[in-house]
1. Going through the stretch 10-26 one residue at a time, which ones are among the β-branched types (Val, Ile, Thr), over 18 Å from Asp53 (Cβ atoms) and surrounded by 13 or more Cβ atoms within 10 Å (Cβ to Cβ)?
2. Can you tell which of His316, His305 is closer than 30 Å to Gln219 by Cα and exposed (fewer than 13 other Cβ atoms within 10 Å of the Cβ)?
3. What is the residue count in the stretch 341-369 for residues that are touching a Cys at 6+ places or on another chain (Cβ under 6 Å) and outside any helix (DSSP H, G or I)?
4. Looking at Arg246, is it at pLDDT 95 or above and charged (D, E, K, R)?
5. Please count how many residues of the stretch 160-176 are within 17 Å of Val203 (Cβ to Cβ) and touching a strand residue (DSSP E or B) at 6+ places or on another chain (Cβ under 8 Å).
6. Look through the stretch 1-27, keep the residues that are among the β-branched types (Val, Ile, Thr) and free of Cβ contacts under 8 Å to residues at least 40 places away in the same chain, and return whichever of them is nearest to His192 (Cα to Cα).
7. Hey, could you check the stretch 276-310 for residues that are touching a residue at least 40 places away in the same chain (Cβ under 8 Å) and polar (S, T, N, Q) and say which is nearest to Ser24 (Cα to Cα)?
8. Look through Asp102, Asp115 and report the one residue that is closer than 22 Å to Thr385 by Cβ, within 13 Å of the ligand (Cβ to nearest atom) and either of a type in the set (Gly, Ala, Ser) or buried (at least 16 other Cβ atoms within 10 Å of the Cβ) (or both).
Amino acid sequence: MVKLLVTAFVKLHILHTSRDSILSWLVWTWQQDVVNQFSLRKGHQYSPPVSIDDTVAILKTFPLASQKFLLEEISGGFQTQHQKAAWDTSATDQCRYCPFPDSRFHRVFHCPATDQVRSSYFEVVEHYLALDSNIHELPVILQSPQDEFLRMCHHLHPEAVIDEQLLRKLRGLSELSPIVFFTDGSCQHPSHRTSRVAAYSIVLDVCVTNDQRRDMARQFQLTGCIPDTLKVISVARTTGAQSIYRSELFAILKICEWLDNTVIYSDSSAALLAVNRCQLASNAESLCMASESDLLQRLWPTMQHSTRVFHKIKAHNDPRQTLDLLECYFQLGNLVADTAAVQTAKCLNPDFATEVSQHHSSLTTERNMLHKLYSMHLEMSKCRTQLAATMDDADTQQTPIITTQRNFLQEFCNWVGESTNRKSDLQR
Ligand SMILES: [Zn+2]
């Protein structure tokens with residue numbers, strides 16, 4: 001049995017793990033020591049790993065030209081006067097725009113020449129100064145201490161289970177007629193890949209005929225009471241990647257593994273498409289390159305020698321307004337499944353839910369702060385570029401420029417942030 005050991009607590013079976021999952025763990029493992037391994041910059045040896053996912057998510061919110069500038073800030077792709085003075089004996093470490101020594105800290109937190117910009121980002125400056133962070137050297141989001149723990153928990157969440165006695169009874173009934181279920185998945189904070197949480201629910205419909213369903217729907221429209229014929233029989237947090245697609249697929253898979261004669265209502269087009277792909281596949285191995293292939297390869301055998309009917313149901317319709325009573329009942333089934341899945345994602349195992357919620361909340365703060373910091377960097381750079389242009393104009397009036405090989409060398413040596421390259425990037 002070949003397993004990949006990705007953390008001290010997580011092993012991935014190479015044949016039973018999806019390609020997406022292996023890739024996601026590879027990136028996560030790589031980011032643990034990429035800065036230590038591949039950067040000679042001092043001061044980062046003992047800091048937590050960079051959260052590449054969160055940092056990239058913030059970078060992507062800026063236009064391409066700004067992203068290039070910000071990447072230069074992250075990589076430290078320019079020299080300060082302080083750095084220049086360390087190797088050029090003719091240079092001083094004085095800031096070009098004020099009488100104080102130039103450094104990255106000075107530029108972000110101190111330089112009076114950009115005070116006007118800084119004052120409109122007071123909250124950001126206070127936040128990072130209070131943390132005593134190294135954000136001026138490496139403006140990124142660092143991986144939180146809970147990250148590995150939460151990631152491991154998601155990997156190890158137990159799958160949905162069904163009461164043994166109920167399962168025996170349903171198996172007996174399914175020999176006479178198909179058993180009807182509603183499934184749904186939920187993913188909280190879906191755009192935050194490192195702090196989102198997902199879950200799914202399975203709802204059993206105990207009505208036997210459509211007339212019973214119409215009666216229950218009629219009662220609902222009169223009283224507002226959800227029919228008690230819709231029973232939530234199982235819920236679970238999603239094992240593995242926390243995504244809505246995986247959650248929807250998991251709910252369907254569990255039912256198919258429990259019973260052979262089923263009707264399943266789902267509001268997920270993506271999951272139903274995947275099910276269809278499974279039904280058409282000639283063998284499980286042919287699904288190995290599909291997204292969430294571990295679940296599809298488990299689903300494939302349950303499609304053989306069984307009776308499966310799947311229905312797509314439109315999500316988030318208001319059943320109070322639906323005239324067709326049968327349609328109303330199906331919407332109620334979807335509503336019950338949706339509510340259970342959302343509640344599970346938010347509340348199952350309260351201590352864990354609190355941990356997840358705190359993690360998301362602090363990460364959201366960090367992401368907002370980094371976004372504002374990047375905006376401040378961009379505005380400060382524009383401000384310095386304008387100051388430099390004013391100073392250059394004054395110099396030009398006094399000294400004519402003679403373009404010689406030596407001038408180019410001098411320009412290169414003077415590459416201190418607002419060089420020609422950075423100016424043109426911003427103006428583009
Ligand atoms: Zn300055």
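The values are calculated or read from the model by the stated rules, or taken from the named source; none is laboratory data. Worth saying up front: this structure is predicted, and the values here are computed from it rather than measured. Cβ sites come from the backbone with ideal geometry, for glycine too, and all protein chains shown count toward neighbours.
1. Kept after step one, since they are among the β-branched types (Val, Ile, Thr), are these residues of the stretch 10-26: 10, 14, 17, 22.
Cutting the leftovers down to over 18 Å from Asp53 (Cβ atoms) gives us 14, 17.
Selection gives Thr17 alone.
2. Numbers: His305 fails: closer than 30 Å to Gln219 by Cα.
Step by step, each of His316, His305 is checked, and only His316 is closer than 30 Å to Gln219 by Cα and exposed (fewer than 13 other Cβ atoms within 10 Å of the Cβ).
3. Narrowing the stretch 341-369 to residues touching a Cys at 6+ places or on another chain (Cβ under 6 Å): 353.
Restricting the remaining residues to those that are outside any helix (DSSP H, G or I) gives none.
Looking only at that region, the number is 0.
4. Yes, satisfied.
5. Going through the stretch 160-176, the residues within 17 Å of Val203 (Cβ to Cβ) turn out to be 160-163, 166-167, 169-170, 173-174.
Still in the running and touching a strand residue (DSSP E or B) at 6+ places or on another chain (Cβ under 8 Å): 160-163, 166, 170, 173-174.
Number satisfying all stated conditions: 8.
6. Going residue by residue through the stretch 1-27, those that are among the β-branched types (Val, Ile, Thr) are 2, 6-7, 10, 14, 17, 22, 27.
Next cut, free of Cβ contacts under 8 Å to residues at least 40 places away in the same chain only: 2, 6, 14, 22, 27.
Working: Val2: 32, Val6: 22, Ile14: 27, Ile22: 20, Val27: 16 Å.
Filtering the stretch 1-27 for residues that are among the β-branched types (Val, Ile, Thr) and free of Cβ contacts under 8 Å to residues at least 40 places away in the same chain, the one nearest to His192 (Cα to Cα) comes out as Val27.
7. Ser291
8. Details: Asp115 fails: either of a type in the set (Gly, Ala, Ser) or buried (at least 16 other Cβ atoms within 10 Å of the Cβ) (or both).
On inspection, the qualifying residue turns out to be Asp102.
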